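Everything below concerns the one structure shown next.
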Amino acid sequence: MFRELTGTATFNLLSQGLDATALRHKAIANNIANVNTPKFKRQIVAFEDELARVFDGKVDLVGKRLDDRHIPIDEIEYTDVRPAIITDRAHIMRNDKNNVDIDVEMSDLAKNTMAYQIHATRLSAMFADINDVITRGGRS
C-alpha cells in the first residue's frame, strides 16, 4: 500500500532530484575546498540535462531488437537516469592548472541549495498529505 502511494512519477522525480542536489552539494563543497590546490580539476554533476533528453526522446544510442529477449537499448526510463560526477578538464583559467572559480562555485551552491529546498519541501508536503489521510482516515 505504501509503495503504491510513494511509487508515483512525482515522488520518484522529486526523490531523484533530491539525490542529484545532494551529490551536487558534495561536488561543489569539494571544489570550494580545493580552490587553491594546484592542478585540481573542477567537478560538476550531470543529471537534469540527461533527464530532459530522456523525456524528449533524444537518446544517443539506438539499437534494433531482433528478438523480444534482447535488451532494449533505446528504451530508457526516467527512473534509470542517475546523477553522475564529471570532471571538467576542458577549462583551465589559472597558471597552476586549477580551474575552480570561487564566484561560480558560490553561485552554484546558492542555486543548488534552493533546488534542494524545493525538492525537500514538496516531498515533505506529500508525506504530510499521506500522514493526514492515515491519521484522519477520511474524516473531515
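The values are calculated or read from the model by the stated rules, or taken from the named source; none is laboratory data. Remember, predicted model here, so these are calculated numbers, not experimental data. Cβ coordinates were reconstructed from backbone atoms using ideal geometry, including for glycine residues, and neighbour counts include every protein chain displayed.
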Original post:
Can you name the residue in the range 91-114 that is touching a helix residue (DSSP H, G or I) at 6+ places or on another chain (Cβ under 9 Å) and of a type in the set (S, T, N, Q) and is also nearest to Phe40 (Cα to Cα) among such residues?
Top reply: Asn112
Original post:
Looking at (1) out of contact with any Pro (no Cβ under 7 Å at 6 or more places or on another chain); (2) at pLDDT below 85; (3) under 30 Å from Thr8 (Cβ atoms); (4) of a type outside the set (Ser, Thr, Tyr), which is the only condition His91 fails?
Top reply: (3)
**OP:** Filter the range 93-140 for residues that are of a type outside the set (A, V, I, L, M) and outside any helix (DSSP H, G or I) and give the result.
**Re:** Arg94, Asn95, Asp96, Lys97, Asn98, Asn99, Asp101, Gly137, Gly138, Arg139, Ser140
